[in-house]
């Protein structure tokens, strides 16, 4: 660890490393989109079913499912830890809330800027001008969650479960796919969809449950960190058992029944919006991974480790890696590429991303707590 970074000692290594791992997996997803141009399009509450050419194609997509729920969960954790650390620095509650509101708005504006730049298009295909993506859902989720900062853990748990069940109930049946896309409130807030230049993959309320569960975990971390990670692992195991039960029954909790004839079919779940099965599967694995990372002695991990570099510059790395893979795809493989070639570009893109991310980490960590740079 490098001593000239004053806030590193107050950061939690497992959270940074886990966030960095999610950035790396998300880079794989966007490399698959822009380089291989083989992104699956059948994970919605209606429409076509997911189709994969091979087990490798499926696994390439499957491992990236952990990213979105992990980021929403970590946002909730980060809000609680940030609140605690700033209270120790004598920030007023109004100042803390204002920070979250401004950061939430920044995330929404970055999403809008990416949409207007058409970064989601590939050669021969366009992208919606108004796209409800992960950043806008994160931003709105942060703004909403400001109202929950002072709730006791039992109430946080109740709110999280309520969102989880309510969103499942309010999502329409698959037979209504395409027939209710003119209902703006439902599309924007609950189940997604759209028409023409407007499309929502990440409804603004559908992911709030994960932020709330993250806030609950953050409260555990403020007490006993080792116990929190251990409890998280047991909860993760329970989530996986719950997923197996829901997937076996293939009814409520899956949003719509999917084929289970193969192991790939069993693990294919509805992501848009996140079904209970999707949430249990991804967060079960995420919580166990977080516990495993917490068992690593952080003293032996150097500051140049890519997991830490990407994990400490998550927003910067997110935007930068999209630009990198978009550029690489259009310059070198405008018509797409095989998975093998895509994997090479993925690793090359991470190598390109590392150096500006490392510079930004050093730049950001040297700024005072109230600097505007801390918002990014």
Some residue of the stretch 213-223 being at pLDDT below 95 and within 26 Å of residue 158 (Cβ to Cβ): yes
Unmet requirement for residue 146, which otherwise passes all of (1) surrounded by fewer than 20 Cβ atoms within 10 Å (Cβ to Cβ); (2) within 24 Å of residue 282 (Cα to Cα); (3) in contact (Cβ under 8 Å) with a residue 24 or more places away in the chain; (4) in contact with a helix residue (DSSP H, G or I) (Cβ under 6 Å, 6 or more places away or on another chain): (2)
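Listed here are the residues, each with its yes/no results for (1) touching a strand residue (DSSP E or B) at 6+ places or on another chain (Cβ under 9 Å); (2) part of a helix (DSSP H, G or I); (3) touching a residue at least 40 places away in the same chain (Cβ under 8 Å).
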{"position": "316", "(1), (2), (3)": "no, yes, yes"}
{"position": "336", "(1), (2), (3)": "yes, no, yes"}
{"position": "340", "(1), (2), (3)": "no, yes, no"}
{"position": "353", "(1), (2), (3)": "no, yes, yes"}
{"position": "359", "(1), (2), (3)": "no, yes, no"}
{"position": "367", "(1), (2), (3)": "no, no, no"}
Odd one out for residue 50, checked against (1) under 28 Å from residue 163 (Cα atoms); (2) at pLDDT 95 or above; (3) crowded, with 16+ Cβ neighbours inside 10 Å: (2)
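Taking the options 185, 259, 244, 228, name whichever one is over 20 Å from the mean Cα position of the chain (by Cα), on the phi < 0 side of the Ramachandran plot, assigned by TED's automatic domain parsing to the domain that holds residue 283 and buried (at least 20 other Cβ atoms within 10 Å of the Cβ). Lay out the reasoning, then the answer.
On the way: 185 fails: buried (at least 20 other Cβ atoms within 10 Å of the Cβ); 259 fails: buried (at least 20 other Cβ atoms within 10 Å of the Cβ); 244 fails: buried (at least 20 other Cβ atoms within 10 Å of the Cβ).
The unique qualifying residue is 228.
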Residues of the stretch 172-200 classified as in contact (Cβ under 8 Å) with a residue 60 or more places away in the chain and touching a strand residue (DSSP E or B) at 6+ places or on another chain (Cβ under 7 Å), total: 7
Subset tally (residues that are modelled with pLDDT under 95 and part of a helix (DSSP H, G or I)) for the stretch 115-139: 2
Residue list for the stretch 52-101, filter: assigned to a loop (DSSP other than H, G, I, E, B) and under 23 Å from the mean Cα position of the chain (by Cα): 52
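The values are calculated or read from the model by the stated rules, or taken from the named source; none is laboratory data. A quick note: this is a predicted structure, and the numbers were derived from the prediction, not measured. Using ideal geometry, Cβ is built from the backbone for each residue, glycine included, and neighbour counts are taken over all protein chains shown.
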